[in-house]
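Just below is one structure, and these are the notes that go with it.
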Amino acid sequence: MDKHYQNIVILTGAGISAESGLSTFRSENGLWNNHPVEDVATIEAFERNPEYVHEFYNEMRPELFAAKPNPAHLAITKLQQEYKNSNINIITQNVDVLHEKAGNKNVYHIHGQINQIVCLNCGHVFETWSDVHSDDECEYCHTKGLLKPNIVFFGESLLYMDTVEYLLQNCDLFLSVGTSGVVYPAAGFVQVAYLNGARTCEFNLEKTSNNYMFAEHIEGPAGKTLPAFVDELLKK
Ligand code: BJW
C-alpha cells in the first residue's frame, strides 16, 4: 500500500520491552508470578497494605531504570524522525521509561510511570528515582503517608484518556506492539481505530484475542518485525 499516513498511533505493551530484558506480566516467568495481582496491583491492595505495595515497586525500580531501549523502541524513533508530515503518537501501557530513553516523542503513559509518585492528598505528581515508603511526606503539601506510585492499578481510571480518545478517532494507521489485549480499556483501542477506518496491525509473538479487529498480524519479536515494518513505510 503506497498511502502516506498522516496520523499514526502506536499502542505498546510489556512485549515491546521484553527484548530489553524486562518481564512481561502474563508470561510463565511473569512479573506477578511471586506476587498475586490482588496484593500488588489493585487500589484495594494499596489501601490495605501500602508498605507492601511500595516494597514491590521499590524492588522493581532499579531493574527498570537500568534497562536499555531495544531495536523496537529505536524503530519508533526512526519513524518519528524520518517519516515526514505525519503525527506519530505513542500510547503506552508500560510504566518503564524506555520510550523516553530511545528518544520517542509524544508518549502517553496511560498506566502511569514507575519514576513518578502522586500525593493522594493534593494530587501533586513528582519524579522519584529512589525508594518510596508509606510514611514519606509530600514535598508539596507536606502530608505524610499518602504517597502512591503513579501507576494505574486495577479499579483506577487511566491517564490522558481525552487525548487518547481523540488520537484513536483520528488515526489512519494503528499499530499494536507487544500487548496481550486483555486489560481494558486499552484492549478496546483497536476497535475504535478500526471502526474509524484506520489500517490496524498487530506485532506480537502470537495472535491475541482481539485478532478479528486487526487487519494484519505480524508475528515474531518486535525487535525484528517493527524495524522491518518501519523501513517499508519509509521506502514509500
Ligand atoms: C512480545 C514479545 C516480543 C512478548 N515481541 N511481542 C471485567 C471485564 C472487562 C473489564 C473489567 C472487568 N473487571 C474489571 C475490568 C476493568 C479492568 C480490566 O481490564 N480487567 C481485566 C483484567 C478483565 N481494568 C481496569 O481496572 C482499568 N481501569 C478501568 O477500567 O477503570 C474503570 C473501571 C474500573 C473498575 C471496573 C470497571 C471499570 C485499569 C487497568 C490498569 C492496568 N494496570 C496494570 C498494572 C500496573 C501495575 C504494574 O505495572 O505492576 O498495567 S495491569 C498490567 O496489564 C499492566 C499492563 O500495562 C497491562 C497490560 O499488559 P500487557 O502490556 O499487555 O502485558 P502482557 O504480559 O499481558 O502481554 C505481553 C504480550 O507481549 C504478550 O501477548 C506476548 O505474546 C507479547 N510479547 N514478548 C512482541 N519480543
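Counting only residues that are surrounded by fewer than 19 Cβ atoms within 10 Å (Cβ to Cβ), assigned to a helix (DSSP H, G or I) and out of contact with any Pro (no Cβ under 9 Å at 6 or more places or on another chain), how many does the stretch 62-95 have? The qualifying residues number 6. When we screen Asn34, Asn115, Asn58 for residues that are polar (S, T, N, Q) and part of a helix (DSSP H, G or I), the only hit is Asn58. The set of residues from the stretch 3-28 being under 14 Å from the mean Cα position of the chain (by Cα), among the β-branched types (Val, Ile, Thr) and more than 9 Å from the ligand (Cβ to nearest atom) comprises Val9, Ile10.
Being over 24 Å from Tyr5 (Cβ atoms) and either surrounded by 22 or more Cβ atoms within 10 Å (Cβ to Cβ) or at pLDDT below 95 (or both), is that true of even one residue in the stretch 96-109? Yes. Among the residues of the stretch 116-126, is any within 22 Å of the chain's Cα centre (by Cα), within 12 Å of the ligand (Cβ to nearest atom) and modelled with pLDDT of 95 or more? Among the residues of the stretch 116-126, not one is within 22 Å of the chain's Cα centre (by Cα), within 12 Å of the ligand (Cβ to nearest atom) and modelled with pLDDT of 95 or more, which makes the answer no.
Quick one: which residue in Glu59, Glu82 is assigned by TED's automatic domain parsing to the domain that holds Ile10 and among the acidic types (Asp, Glu)? The match here is Glu82.
Close Cβ contacts (under 7 Å, 6 or more residues apart or on different chains) running from residues in the stretch 57-75 that are within 12 Å of the ligand (Cβ to nearest atom) to residues that are assigned to a loop (DSSP other than H, G, I, E, B) comprise Leu64/Leu22; Leu64/Asp96; His73/Ala102; His73/Asn104.
The residue that is farthest from Pro221 (Cα to Cα), counting only those in the stretch 71-89 that are of a type outside the set (Val, Ile, Thr) and within 15 Å of the chain's Cα centre (by Cα), is Asn89.
Just to be sure, is Gly181 within 14 Å of the ligand (Cβ to nearest atom) and surrounded by fewer than 14 Cβ atoms within 10 Å (Cβ to Cβ)?
Answer is no for this residue.
Within the stretch 139-198, the residues that satisfy the criterion of being in contact (Cβ under 8 Å) with a residue 24 or more places away in the chain and at positive phi are Gly145, Gly155, Tyr160, Gly178, Gly181, Gly197.
Taking the conditions (1) within 26 Å of Phe189 (Cβ to Cβ); (2) surrounded by 15 or more Cβ atoms within 10 Å (Cβ to Cβ) in turn, Ile117 satisfies each one other than (1). Go through Ser157, Ser209 for me and flag whichever is more than 9 Å from the ligand (Cβ to nearest atom) and of a type outside the set (Lys, Arg). On inspection, the qualifying residue turns out to be Ser209.
Looking only at residues in the stretch 139-176 that are buried (at least 18 other Cβ atoms within 10 Å of the Cβ) and among the β-branched types (Val, Ile, Thr), the one that is nearest to Ala228 (Cα to Cα) is Val164.
The values are calculated or read from the model by the stated rules, or taken from the named source; none is laboratory data. Only a predicted model underlies this, so the values are computations on that prediction, with no experimental measurement involved. Cβ coordinates were reconstructed from backbone atoms using ideal geometry, including for glycine residues, and neighbour counts include every protein chain displayed.
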